[in-house]
Amino acid sequence: MLEILEALLFSTLDAAPALIFATLGGVLSERAGVVNVGLEGQMRAGAFVAAVAALYMPTPLGVMVGMVAGAALASIHGYLSIRWRSDQVVSGMAINLVALAGGTFLLEALYSPNGTPPIAQLPRWKLPLIHDVPLLRALSDHPGLAYLALVLPFIFHAVLNHTAMGLRLRAVGEKPHAVATLGLSVPALRWGAVLGGGLLAGLGGAVLSTAVLDRFEQHTPAGLGFMALAAMVFGRWTPLGAFGAASFFAFGNALRIGLASSAPQILEVVPQGFLLALPYLLTLLLLTIQGQRSSAPAALGTPYEQESR
Amino acid sequence: MGEKWRAAVPSILSVLLALVVCWIAIALTRDVKIAGEAYLQMLYGGLGQWPRYLEVGDGALLARPLGEAAGKAALLILTGLSVAVAFKAGLFNIGAQGQMVVGSLVAAVVGAQVSAPGPLHIPMALLAAALAGAAWALIAAALKLWRGVHEVISTIMLNWVAVSLVDNWLVVGPLRAAAGSGQSVSGTAEIHATARLPRLLGDISRLNLGFVVALLVALLVWVWLNRTRRGFETRAAGLGADAARAAGIPVKQRAAEAMAMAGALAGMAGAVLVLGTEFRYPGVLGAPYGFDGIAIALIGNSNPLGVTLTALFFGALRAGGTRMQLLGVHKSFPELIQGLALLFVAGRLVWLALLRKRRAVAAPAEVPRA
């Protein structure tokens, strides 16, 4: 029993970081009032570029290049939605499509249709004391980024709620005109949030190709970016909510894989497809129960125009 | 140039720019000669091999590629309309894929499990698929109207639910075709001959009735949107819910209707795929026609005519893309063009600003803007 729990915890902690980073990226962007349905595309760019970069440089550096790639893609979104006040959902979906087709095209042009050559995975950290304690052992032997994913939501929470910077960022998503009257630049704040969101989504993608796997595969991130969107809404656009929701999804996934491998007889009663659908059904159910109208940032999705009031 | 056509200019320019960018992409990754050759092959594959035809005079050289293009276009018209109709009511239907999966499955089941006389079987299967798609879309509408769950999130979730339940359970489990004569079968049982959409040109082309159905449906959607009171009310609700409500329009009801219609259209796309080309629900419904619908609707400016033209263009591109593969160009190439075109369309306002500047230069008598 203890071992099963330990294995579950371990694989949750393996799968969660990518989702946590991407979800935080979504939270950052949307709290500043810019809808970001392009998370999937930004993750894909991060995953692909990080894997390619890691072929030529140490993997941690590659991860950073991947983050920049996520931000680069996000900057297109920023340019269209902040500078040109385009429809933010449209621009986000366009980014997803371009990243999907463009990634496939580049992958085949440069490597093989299935994936990049293998790279050196991010090193895993063995935590000295914990490593020998049953159950707690599950916390050890993860890449450093996994620990960052555990800490970052709390830092975000503190910054967003207890600093002037965080207050401005939230204000830009709620009442941009009020922020403008204080002499602050609404576009600059939104640009910062969108680029930061891109960096985080890129990091989420990079985790997939450098820590979870050791290469970029054709279908990475396989819908995880959309899951991150759901986790963001489910977590009510807060960093800690995002953390909880992303961990919950990762746990659900670990549970499904764990069940399939440790107790195959369960699959005879509950079909695999049903288990696959379960996290999404649960999300729908929880969203239905909580009703979400009240918690979204008030100015989310509305382009900012200096003249209109 | 009329106002209507001027609205289409950004889309047309976007598609052209996407074609140019992609040509450069092939030229860079391969070489210039291959890039030119690839586009020529794409043209032949999508619009017919005219040079060969003029030489040999074999009609199949035109009918085969055009039939392929029309088959792809039929699906894109229907999923594009699905997204467009929801758009007109102010809803973003990202769930066309899930609705299509559900529609395909129901069409496959009705086609295989039900016996009906020829002229009835096809309408039955189409109707059943449309109803199933509508029902699936109405879940999202209900969640939005009663609980305020945003349709972008709920339709994304419903896509995954549909794909998981259908592809990973029903099709490989309860509905899997019984393996006959030793060969392993993937997908559901084959549909009866009476449920197959008839081919319009016999054996020389795969062109089938689905194309005609799609065009007719597009016409009906246009009539509904532009020539009926309900369609007008739906558009009014989409343009501004508050104003529409003040004018006495039942906004919620119109939104739910539009979403149901969006689901029905995507469901029909599934039926056309199953009844026209696949003849069963295949192992996995691989192609993301539902997601393509989003791009088609947006490039087509959510206008039934624009959607139809865009779908015809990308249908030809898809059919041509298969031919490009012969030159070693990746088969996802049409999708790249489509994605880039959508990205450029998202910059619609950039185009309009550029055009305005040009017009201002061309007509200096115009009052200069502050």
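The values are calculated or read from the model by the stated rules, or taken from the named source; none is laboratory data. None of these values were measured; they are calculated from a predicted model. Please note: Cβ atoms are built from the backbone with ideal geometry, for glycine as well, and neighbour counts cover all protein chains shown. With ligands, DNA and RNA removed, areas are computed over all heavy atoms of the protein, side chains included. Shrake-Rupley method; radii C 1.70, N 1.55, O 1.52, S 1.80 Å.
Worth a mention:
- Within the stretch B:72-96, residues that are closer than 23 Å to B:Ala241 by Cα and among the charged types (D, E, K, R) reach partners that are open to solvent by 10 Å² or more (accessible area, probe 1.4 Å) and part of a loop (DSSP other than H, G, I, E, B) with beta carbons closer than 8 Å, at six or more positions or on different chains, in the pairs B:Lys88/B:Ser302.
- Which numbered condition B:Ala297 fails, given (1) open to solvent by less than 10 Å² (accessible area, probe 1.4 Å); (2) of a type outside the set (S, T, N, Q); (3) over 20 Å from A:Val37 (Cβ atoms): (3)
- Residue ID - farthest from B:Glu190 (Cα to Cα), chosen from residues in the stretch B:115-147 that are among the small types (Gly, Ala, Ser) and not in a helix (DSSP H, G or I): B:Ala116
- The helices (runs of 4 or more DSSP H) located wholly in the stretch B:35-114 that include 2 or more residues which are under 13 Å from the mean Cα position of the chain (by Cα) occupy B:60-88, B:96-113.
- Condition met for A:Leu195 (away from chain B (no Cβ under 14 Å), open to solvent by 10 Å² or more (accessible area, probe 1.4 Å) and within 16 Å of the chain's Cα centre (by Cα)): yes
- The lone exception for A:Leu39 - which of (1) under 17 Å from the mean Cα position of the chain (by Cα); (2) of a type outside the set (Gly, Ala, Ser); (3) surrounded by 22 or more Cβ atoms within 10 Å (Cβ to Cβ); (4) closer than 26 Å to A:Ser140 by Cα it fails: (4)
- Scan the stretch A:157-174 for residues that are closer than 22 Å to A:Gly204 by Cα and open to solvent by 40 Å² or more (accessible area, probe 1.4 Å) and the total you get is 3.
- Entry remark, the stretch A:272-293: residues being at the interface with another protein chain (Cβ under 8 Å from one of its Cβ atoms), open to solvent by 30 Å² or more (accessible area, probe 1.4 Å) and either in a loop (DSSP other than H, G, I, E, B) or farther than 13 Å from A:Phe234 by Cα (or both) number 4 in total.
- Exclusive hit being in a loop (DSSP other than H, G, I, E, B) and under 20 Å from A:Gly78 (Cβ atoms), set A:Leu184, A:Leu200: A:Leu184
- Here the stretch B:300-333 is the region considered, the condition is being free of Cβ contacts under 8 Å to residues at least 40 places away in the same chain and within 13 Å of another protein chain (Cβ to nearest Cβ), and the residue that is farthest from B:Gly80 (Cα to Cα) is B:Gln325.
- Checking B:Leu170, B:Leu165 one by one, the residue that is crowded, with 17+ Cβ neighbours inside 10 Å, at the interface with chain A (Cβ under 8 Å from one of its Cβ atoms) and at pLDDT 90 or above is B:Leu165 and no other.
- Looking across the stretch A:134-156, just one residue is on the phi > 0 side of the Ramachandran plot and open to solvent by 50 Å² or more (accessible area, probe 1.4 Å), and that is A:Leu135.
- Selection count, the stretch B:139-179, where residues are acidic (Asp, Glu) and over 30 Å from B:Ala237 (Cα atoms): 1
- Check on B:Gln325, modelled with pLDDT of 80 or more, under 30 Å from B:Leu40 (Cα atoms) and either of a type in the set (S, T, N, Q) or outside any helix (DSSP H, G or I) (or both): no
- Scanning the stretch B:254-299 for residues that are in contact with a strand residue (DSSP E or B) (Cβ under 9 Å, 6 or more places away or on another chain) and within 14 Å of chain A (Cβ to nearest Cβ) yields a single hit, B:Tyr281.
- Exclusive hit being away from every other protein chain (no Cβ under 13 Å), of a type in the set (A, V, I, L, M) and either under 21 Å from B:Arg318 (Cα atoms) or open to solvent by 20 Å² or more (accessible area, probe 1.4 Å) (or both), set B:Val101, B:Val85, B:Val32: B:Val32
- Some residue of the stretch B:341-352 being away from chain A (no Cβ under 14 Å), open to solvent by 20 Å² or more (accessible area, probe 1.4 Å), in contact (Cβ under 8 Å) with a residue 60 or more places away in the chain and in contact with a helix residue (DSSP H, G or I) (Cβ under 9 Å, 6 or more places away or on another chain): no
- Filtering B:Pro304, B:Pro288, B:Pro282 for residues that are over 20 Å from B:Met42 (Cα atoms), of a type outside the set (D, E, K, R) and out of contact with any helix residue (DSSP H, G or I) (no Cβ under 8 Å at 6 or more places or on another chain) leaves a single hit, B:Pro282.
- Taking the numbered list (1) within 25 Å of A:Arg190 (Cβ to Cβ); (2) modelled with pLDDT under 95 in turn, A:Val68 passes all entries but (2).
- Residue among A:Glu3, A:Glu40 that alone is within 14 Å of chain B (Cβ to nearest Cβ) and assigned to a helix (DSSP H, G or I): A:Glu40
- Subset of the stretch A:101-133 [surrounded by 20 or more Cβ atoms within 10 Å (Cβ to Cβ) and either within 12 Å of another protein chain (Cβ to nearest Cβ) or within 14 Å of A:Gly38 (Cα to Cα) (or both)]: A:Ala101, A:Gly102, A:Gly103, A:Thr104, A:Phe105, A:Leu107
- Residue in the stretch A:85-92 that is surrounded by 24 or more Cβ atoms within 10 Å (Cβ to Cβ), at pLDDT 90 or above and over 26 Å from A:Tyr304 (Cβ atoms) present: no
- Residues of the stretch B:235-254 classified as assigned to a helix (DSSP H, G or I) and touching a helix residue (DSSP H, G or I) at 6+ places or on another chain (Cβ under 6 Å), total: 10
- Applying the criterion of being open to solvent by 30 Å² or more (accessible area, probe 1.4 Å) and not aromatic (Phe, Trp, Tyr) to the residues of the stretch B:119-136, the residue that is farthest from B:Asn93 (Cα to Cα) is B:Pro119.
- Any hit, the stretch A:211-228, residues being hydroxyl-bearing (Ser, Thr, Tyr), open to solvent by 40 Å² or more (accessible area, probe 1.4 Å) and more than 10 Å from chain B (Cβ to nearest Cβ): no
- Candidates A:Val35, A:Val98, A:Val89: the one that is within 11 Å of chain B (Cβ to nearest Cβ), assigned to a loop (DSSP other than H, G, I, E, B) and touching a helix residue (DSSP H, G or I) at 6+ places or on another chain (Cβ under 7 Å) is A:Val35.
- Of the numbered criteria (1) open to solvent by 20 Å² or more (accessible area, probe 1.4 Å); (2) away from every other protein chain (no Cβ under 14 Å); (3) at pLDDT 85 or above; (4) out of contact with any Asp or Glu (no Cβ under 7 Å at 6 or more places or on another chain), the one A:Tyr79 fails is (2).
- Test result for A:Arg168, part of a helix (DSSP H, G or I), of a type in the set (Lys, Arg) and away from chain B (no Cβ under 14 Å): yes
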